[in-house]
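Before any comments, here is the structure.
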Amino acid sequence: MLNPAVKRICAARSTLFLALLGCVFFLAGCDFYQTPDTSASTNVIPPKVAEVPVLSGRSNSYPMVKAHLDLGGNFLLYLDTEQWMTILNKKLDIWRQVVSSTPEIAMDEQQKKRLFDAVQQFIADSGLEEISGIGLSAAPLENGLFRNRSILYHFPGKNTGFLWSILGKVKQPLKGLDYLPSTTAMAAFFDLDVATLWPYLQQVIDRAGIPGNNPWLVDFSGQFQASTGLKWTEFLDSLGGEFGLLLNVNEATRIRIALEKSVVEMPETGVGFFVKTRNDLIFKRIDQLVRENNTVIKQETNGCRLLTLKMPLPLLIPIQPTVAKFGPYLVIASSPGLVERVVAVKNGQAPGLKTTEDYFKLARGLPAEGNSFYFTSPRLGQNLEQMRQAISQIYPDLAQAVSIVYKILDLSDLPSVLSVSSVTTEGLLTAGNGARENSSGLLVFSALQPAAIAGFCSAFVVPNYFKARQAAQLNSIRDNLRLIEEAKVRWALENKKTNDTLVTKDDLLPYFKGGWVKSVLDEAYEPNPIGKRPTAKIQTALGEKAAGSVISLD
């Protein structure tokens with residue numbers, strides 16, 4: 001019988017052995033090395049990467065992947081992925097069996113089969129199976145600056161999947177950089193051919209039998225046209241295949257937000273989304289939809305057309321949703337001021353990102369053409385921390401959720417980065433310079449950072465927009481009640497009616513130009529007798545008023 005101390009020693013040894021065994025199995029699937037720190041001595045020779053003999057009949061893409069990477073740096077990784085898809089298909093078969101044997105899932109056997117068949121076909125069509133290797137490398141350029149390279153490799157000619165066409169077919173000049181202000185904190189522009197991707201997504205929906213009774217999925221094109229007034233095919237054809245995101249932080253302009261017990265101060269912040277278009281179809285349709293809206297300000301300056309939603313009430317954070325058409329881009333921004341900065345940069349009237357020291361440092365040796373680029377300023381982490389603190393004070397209910405997301409995404413420690421990606425004859429190649437090497441983070445997480453930052457900033461913008469929108473809707477309902485009250489007064493005077501006299505909608509219709517008041521949220525209006533204010537009963541919740549509440553002028 002072993003005593004407890006001996007048991008603990010044996011357990012520790014077993015745990016250590018299993019950990020080492022796991023490392024061996026992991027490293028057996030990839031080629032990885034990291035050179036020692038040579039800053040203390042110039043005589044240290046980097047270890048030579050061992051050449052693993054290739055078994056007869058078995059080859060991989062290692063030599064080709066290695067040719068696209070920096071071999072003399074701090075970090076090198078190669079991962080053979082040819083067996084991944086076989087493993088993935090086996091996993092899908094296992095999940096198929098699990099789902100099929102679970103009666104609680106509200107799908108019959110035919111539906112379950114169709115769902116998994118659709119997923120497998122989507123994977124086959126995507127081109128994921130054509131990826132034969134993944135490579136990553138990092139090499140120091142100077143103190144605190146690294147060159148990072150990565151490649152999703154496929155053999156030449158093995159690019160029939162839609163993945164290799166929707167992300168860009170030909171390298172283009174990175175024109176999105178010409179629109180970015182010098183105060184840009186983060187930007188990401190990328191090629192995405194939605195028109196090519198859509199048929200595959202539609203096939204998944206149809207093959208899986210997903211539509212059911214949902215009219216949007218049964219007849220998506222028809223529902224889209226009914227809602228927007230645009231044909232879905234014309235909408236897709238109008239897209240130019242490029243999208244962009246801009247987070248602008250102007251530290252020279254401070255915003256002071258007065259709360260009940262404190263004052264929050266932060267730099268002026270703006271968010272803009274870019275959609276490249278082939279024509280004016282989308283902008284003209286938006287213009288038509290808001291033509292009779294007196295809360296929309298229209299203007300044109302320096303070749304840019306703007307539609308700005310005028311906020312009916314003062315907001316804690318100055319936000320004026322704006323849609324603009326400038327050059328090939330449709331721009332959706334948090335304020336007209338941000339659009340004006342973008343226009344000024346493009347017209348050479350204001351300094352742009354490409355004139356800053358940060359950009360010059362990060363752009364060293366990077367290609368001027370590609371299918372996407374991603375930039376983060378060295379000040380971004382500090383800017384996002386100020387935004388987090390402001391959100392927590394302005395919206396206490398969101399404070400905990402925002403802090404959790406902030407920590408999970410590690411937004412407080414974002415390195416400065418400029419990377420350019422290109423779809424080549426051998427796959428997706430990315431080259432970037434940054435203050436951090438690839439070994440410090442995951443490739444997938446880095447790809448998701450722009451979306452994560454956009455979502456974080458949306459927590460700043462969206463609550464204000466909806467608060468203003470609900471206030472505008474409530475004011476519109478009260479304006480309708482005032483019109484009804486005025487019509488009641490005129491009807492009572494002309495017909496010599498006294499208080500408590502009943503009055504109907506038909507009695508008041510002659511006093512309205514163009515018919516009865518227009519509904520805002522399907523609310524029901526009650527004129528009420530003379531001497532009693534009219535009321536409106538809302539069907540859906542509006543701000544602090546629950547569904548079914550009665551709104552009056554009192």
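Bear in mind these aren't lab numbers, they're just calculated from the coordinates by the rules spelled out. Not measured: the values here are computed from a predicted model. Positions of Cβ are generated from backbone atoms using ideal geometry, with glycine treated the same way; all protein chains shown enter the neighbour counts.
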inquiry  = So, R0 is 60 Å and r is the distance between the beta-carbons of residue 369 and residue 113; what FRET efficiency does that work out to, to 0.05?
reply    = 0.85
request  = May I have the count of lysine pairs in the range 473-552 with C-alpha atoms under 20 Å apart, counting pairs 8 or more residues apart or located on different chains?
outcome  = 17
ask   = Amide H to amide H under 5 Å from residue 535: which residues, 5+ apart in sequence or cross-chain, H placed 1.01 Å off N in plane?
value = 526
message = Between residue 350 and residue 489, what is the label-point separation in nm under the 7 Å Cα-to-beta-carbon projection?
response = 4.7 nm
message = If packing is taken as the average number of other Cβ atoms within 10 Å across a peptide's residues, how do 376-386, 511-521 rank, most packed first?
response = 376-386, 511-521
remark   = Taking a crude spin-label model, label points 7 Å out from Cα along the C-beta direction, the residue 389 to residue 297 distance in nm is 3.1 nm
inquiry  = Check which residues have an amide H placed less than 5 Å from residue 240's amide H, if you skip close sequence neighbours.
reply    = 276, 277, 278
